[in-house]
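Down below is the structure, laid out as structure tokens.
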2 protein chains.
Amino acid sequence: MPRKIESIREKMLKSTREQISRTYANEEYALMQAINAYNELSRSYNLVYERLSEWYGLYYPEIKAGSQKLLADMVKTLNTRDTISKESLTALFSDEQRAASVYEKATSSMGRAMSGRERDALMKFADASNSMNETLEALEAYIKAAANEIMPNATYITDEKIAAELLSRAGSMERLATMPASTVQLLGAEKALFKHIKFGSKPPKYGVLFKLPAISNGKRSARGKIARLYATKVAIALKADYFSKRFIAEKLKSDIEKGIARINSKPDVAKNKRHSDRDRHHKQ
Amino acid sequence: MPRKIESIREKMLKSTREQISRTYANEEYALMQAINAYNELSRSYNLVYERLSEWYGLYYPEIKAGSQKLLADMVKTLNTRDTISKESLTALFSDEQRAASVYEKATSSMGRAMSGRERDALMKFADASNSMNETLEALEAYIKAAANEIMPNATYITDEKIAAELLSRAGSMERLATMPASTVQLLGAEKALFKHIKFGSKPPKYGVLFKLPAISNGKRSARGKIARLYATKVAIALKADYFSKRFIAEKLKSDIEKGIARINSKPDVAKNKRHSDRDRHHKQ
């Protein structure tokens, strides 16, 4: 008898495990972790870059690096003043003229001389910068692949990172796909929304969607309208991604383009209209 | 003639370069960069750790790692479920029993199965975590060495990181060494100080010095007094570090210990005294 109970217990445990496993089986959870990791790490990476260029500036104040990756590589190549070689600089820049000019500046630099132990610390710091850069690239590649698979329609009309961030704000594909367009429009603007509700400040017009170039580069007066247009189409795209699994994004994208052209072609009457609305309201 | 002017110009350029070089010749500038790098990077490292344990929790929710380093190593060792080996786990924990228990949990985990591309992203993320850890160790080693050389007295009575942070807040050894004790006491509490001056909130009692265990673990009512005591001795130590270059820290440390014993031995009369002061003030 006890053996039978034992075997039932085993079976039930197994089935519960499988149920939990099934709930978390979707890749969307990994995608959410990846986009959050990406955003946090890229903020840290920018801090590290600023610190690295300030620190390195003590030794070679005359030499500016154009990019984060180049700066870290320069730190590793320049090293102490007596070990600088023209060859390694040429290999780094693959441009003999630039290498010669940097060599000239570096060997006659008026920055302080670097001691051995300073070099060790600075090199390690440059290593961390490069490792963060590589990790960001790997995360980005994963986000691209996963977003295009999980939410192809939403990704097509926005981009991988925006789509993944919307997902992460919503918490699951199911919740995101069943949200009305107005909620999608304000995902990521929760703080401003509650400030509006509690203290009566201006209501927000967009959250995560502000990262779309059409909105951030758009005319101020048209941004809210364009965000509304995008949110409507993104909400439709998400329903297709989650329920019907059909690819309808090309049609949605051309709708958006037409809509933006229409919004931009209208003269700026928005302000006057709102004024007259308010006047009417006062008269009542 | 022009050749003579040219040679004068060369000489003057060289002398100016040397002057600038001399101004920045002190290692204190590198130390300030290092402590700031350390503080920023350790904040980022904590974020990465939280994210890594959340992400990894999708696959092995049952297994907890005790430390940041161990978590990253476990992520790299556990990998996907079919590649887990008892040997690699034993090598990681150097404790056969623990390895066996983790193996048991990992192979029967109810977390989601990891796809190849998820693994790649997660591994890279664990790499970044490990690289940040190594860099923090290198920075710490450098900060220890440099702080003990540049400010041996101040380092002896506080610790390397607190001494370096005081230096970084002040901007140079010269400025730090000429500060009165009251300013040293509030370095790092600038925000609270200006809030006090502008809005009349409570004045701060300590800034960077709060990191001293004697203050952060001390009785609430004694903290301000202990901070004042430390600040006085640190100010003296800094003058010795910068001007006389003598090592007087042992005497200062024993003074501090005696002072703390005296402060702690007194009963909590501070509050009552303040009350009676206020009463007297009211009567006037």
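Of the residues contained in region B:148-170, none is found to be of a type in the set (Lys, Arg) and surrounded by fewer than 18 Cβ atoms within 10 Å (Cβ to Cβ). On the stretch given as region A:104-130, residues that are surrounded by 20 or more Cβ atoms within 10 Å (Cβ to Cβ) and more than 10 Å from every other protein chain (Cβ to nearest Cβ) total 1. The numbered conditions (1) within 16 Å of the chain's Cα centre (by Cα); (2) of a type in the set (Lys, Arg); (3) closer than 18 Å to residue A:241 by Cα are all true for residue A:211 except (3). Restricting attention to region B:50-93 and to residues that are basic (Lys, Arg) and over 32 Å from the mean Cα position of the chain (by Cα), the residue that is modelled with the highest pLDDT turns out to be B:86. Of all residues in region A:169-189, at least one satisfies being at positive phi and assigned by TED's automatic domain parsing to the domain that holds residue A:240. Yes or no: region B:53-62 includes at least one residue that is closer than 30 Å to residue A:60 by Cα, of a type outside the set (S, T, N, Q) and within 9 Å of chain A (Cβ to nearest Cβ). Within region B:53-62, none of the residues are closer than 30 Å to residue A:60 by Cα, of a type outside the set (S, T, N, Q) and within 9 Å of chain A (Cβ to nearest Cβ).
Of the helices (runs of 4 or more DSSP H) that lie entirely inside region B:174-227, those containing 1 or more residues that are surrounded by 12 or more Cβ atoms within 10 Å (Cβ to Cβ) and touching a residue at least 40 places away in the same chain (Cβ under 8 Å) span B:181-186, B:213-216.
Does residue A:44 qualify as being under 27 Å from the mean Cα position of the chain (by Cα), buried (at least 17 other Cβ atoms within 10 Å of the Cβ) and modelled with pLDDT of 80 or more? The answer is yes for residue A:44.
The values are calculated or read from the model by the stated rules, or taken from the named source; none is laboratory data. Here the structure is a predicted model, which is why all the values come from computation and not from measurement. Please note: Cβ atoms are built from the backbone with ideal geometry, for glycine as well, and neighbour counts cover all protein chains shown.
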